[in-house]
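Working notes, structure below.
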Amino acid sequence: MGWALALIAVAAWVLRFEPLTRGAAAFGYPIDYDEGVYFSASALFFQGHWPYRDFVFVHPPGGVWLWGPAALTGSWLGVDTGFTVARWLATLCGAASVVLAGRLALRAWGPVAGLVAALVYASYPEAVQIERGPFLEPWLNLACLAAANVWLEPPREGRAWRRWLMAGALFGVAISVKVLGGIWLFAALLSRSPRPSWREHGGLVLAAGATVALLVGPFLLTAPSEFFSQVFLFQSLRPGDGELSRLARLHELLHERRLVGVALALLGLAVAAGRAFRASSPSQPLERLVAMAFLLTGAAFLSSPSYWNQYNAYLAASESVLAGLGAATVSAWSVAYRQRLARYAAVLLCVAVVVPTARPLLHGLRMRAPEQAALGRYIRQSVPPEAPLFAFEPAWGVAGGRLPSVVAGAPLVVDSYALMLQGSMASGQRLTHVTEAFQTPGAQQAVRELLSRSRFVVLGWRGEWQLSEDTRQWFRSRFVRRYPAEGEDGVDLWEQAQH
């Protein structure tokens, strides 16, 4: 079965990588706001600028470390090359996660479960999209699935401590990437036995804690108050954004674009719940782990102040393994009904999980960003490398081979969205939506300081949205639009008139 999982992983990698090979290569495919933030934060850190202390960064620093190889490549060979490497690394993370999800299900419930789990993850639309760029979820899913594989590995004589150490380190990596990574550690602690082995669980927690301390500690020591404010207070007190309706969020979590995979995962969840009250079996620890991870992740998304459906990429890890359990259950039913049906049922399940995802996957393959590539060419040709440039979306600067500029007397801005929300929240006023928060004087102050000291500004739709009417008028009185030409479409770049 190893060869079958390897083939699915290769197909998953091709699906993720192929759109990055056409047109302007890695820059011909749309770059998300978050991609620009995470890559720029890592690149600036390896140039000596620390998150939290030198610029606002509202996640733990695991991604800063893990995107380091791409960031260092960018330092040596240029920002363009570094970002391209980051996108390639994300596709490899996705392919590796396919193998790990399939391996978990294969080892617990057999070949049909392994194949279906791998196919569900390989074709999961949100995961495919996210695993084309430097988001947090590619590393988060990889760390969680790898940790589960190690934690649930059958123990070997005299080597149990190695399993605790490695699994704990991987769970620690997941937590250092995103706080929600702790969900899998919590589920793992409750998965092994109704009667916990304190030695085993204590070793897991200590290894996870040591890894978190190693990865997070330097940043915490450098700027302790800023770290807690940005990573914890910001996320818990921020105003709402994205999809606010809980019912609409639930629909996205169980969307029909993943119809068969979701149905199998819910069946797997029901089976895991039913077995939880029966005599233990070798597969029960995995059933408990992925069931709890699935439920807790869904609950976190439903209760979060903000939600976009791309968050579902983190749900792909537990959902795909649960779908494997559901497929194994259906296969067992078919065998019990008629032996000859078993093979056909297995093939049908493998095909069925992929069919509903075909349309969104095809849409993703066709996505292009010609305006992004055109802006990048203009920045390279017409903006002097030494001229301070500020882009409301750091991805727009990255497209032109530029990281956020360090401007004397102004804040270093990597995440304009988070910076402005933090400025609004500093007043103590609780607002229900980000649109209201952006209109407050506290939100406008920091970004206005940077605008006044920047020679070039990429405004775009985000700048129009985040600036208040007064700041927009002030901006247009001082800046002249240079790109695109009047009457043409594209992300607009402005130059300060006094220059």
Can you work out ³J(HN,Hα) from phi for every residue in the range 123-135, in order, using Karplus 6.51 cos²θ - 1.76 cosθ + 1.60 and θ = phi - 60°, giving whole Hz and x for Gly and Pro? 9, 5, x, 5, 5, 4, 5, 5, 8, 10, x, x, 8
Within the range 43-82, list the residues whose amide N lies under 18 Å from a label point set 7 Å along Cα→Cβ of residue 225. 51-57
Taking every DSSP bridge whose two residues both lie in the chain, the antiparallel percent to the nearest 5 is 50 percent
The answer for residue 241, listing residues at least 5 apart or on another chain whose modeled amide H is closer than 5 Å to its amide H, is 306, 307
Using only DSSP helix segments of four residues or longer, with each worth -39500 (n - 2.57), what per-residue ellipticity at 222 nm results for the chain after dividing by its residue count and rounding to 500? -20500 deg cm²/dmol
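So, R0 is 45 Å and r is the distance between the beta-carbons of residue 344 and residue 161; what FRET efficiency does that work out to, to 0.05?
Details: r = 46 Å, r/R0 = 1.02.
Working from the Cβ atoms, E equals 0.45.
Could you compute the longest span of the chain free of GluC sites (Glu not before Pro) located in DSSP loops and having at most 11 other Cβ atoms within 10 Å, not counting the site residues?
Working: sites that count: 157, 386, 486, 488.
In short, 158-385.
Give, rounded to the nearest 20 debye, the magnitude of the charge dipole that the chain has about its Cα centre when Lys and Arg contribute +1 at Cβ and Asp and Glu contribute -1 at Cβ. Please list the in-between numbers first.
Working: 42 positive and 33 negative charges, 335 e Å.
My answer is approximately 1600 debye.
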Starting at the first residue of the range 59-65, write each ³J(HN,Hα) from the Karplus equation 6.51 cos²θ - 1.76 cosθ + 1.60 with θ = phi - 60°, in whole Hz, x for Gly and Pro. 9, x, x, x, x, 4, 5
For the range 353-431, what relative contact order do you get, as a whole percent, if you take Cα pairs closer than 8 Å and at least 6 residues apart? 22 percent
Work from the charge dipole of the chain (Cβ charges, +1 for Lys and Arg, -1 for Asp and Glu, about the Cα centre) and give the residue of 82, 13, 23 farthest towards its positive end. 13
For helix 160-177, what angle does its Cα long axis make with the longest principal axis of the chain, in degrees from 0 to 90 and rounded to 10? 30 degrees
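Can you tell me the dipole magnitude for the range 367-499 around its Cα centre, using point charges on the Cβ only (Lys, Arg +1; Asp, Glu -1), in Debye to the nearest 20?
280 debye
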How far is helix 2-17 tilted off the main Cα axis of the chain, in degrees rounded to 10, range 0 to 90? 20 degrees
From the residues 218, 237, 186, which one has its Cα farthest along the dipole of the range 91-241 in the positive direction, the dipole being from +1 and -1 charges on Cβ of Lys/Arg and Asp/Glu about the Cα centre? 186
If one takes the longest principal axis of the Cα atoms in the chain, at what angle in degrees, from 0 to 90 and to the nearest 10, does the Cα axis of helix 284-303 lie? 30 degrees
So for the pair residue 363, residue 14, with labels modelled 7 Å out along Cα→Cβ, what separation do we get in nm? 2.4 nm
Which whole-number percent is the relative contact order of the chain (Cα, under 8 Å, 6+ apart)? 19 percent
Vicinal HN-Hα couplings computed from phi for the range 91-97 (Karplus, 6.51 cos²θ - 1.76 cosθ + 1.60; Hz; Gly/Pro x): 5, 5, 4, x, 4, 5, 5
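Tell me, what is the percent relative contact order of the range 24-110, built from C-alpha pairs under 8 Å that lie six or more residues apart?
Details: 54 pairs, mean separation 21.6, N = 87.
Value for the range 24-110: 25 percent.
In whole percent, and with a 1.4 Å probe on the protein chains, what portion of the accessible area of the chain is carbon and sulfur? The partial results should precede the final answer.
Values: 13290 of 20910 Å².
That fraction is 64 percent.
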Putting +1 on Lys and Arg Cβ atoms and -1 on Asp and Glu Cβ atoms, find which of 289, 357, 111 reaches farthest to the positive end of the dipole of the chain. 111
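The values are calculated or read from the model by the stated rules, or taken from the named source; none is laboratory data. Owing to the predicted nature of the structure, the values given are computational and were not obtained by experimental measurement. Positions of Cβ are generated from backbone atoms using ideal geometry, with glycine treated the same way; all protein chains shown enter the neighbour counts. Heads up: the accessible areas ignore ligands, DNA and RNA and are worked out on the full protein's heavy atoms, side chains in. Shrake-Rupley method; radii C 1.70, N 1.55, O 1.52, S 1.80 Å.
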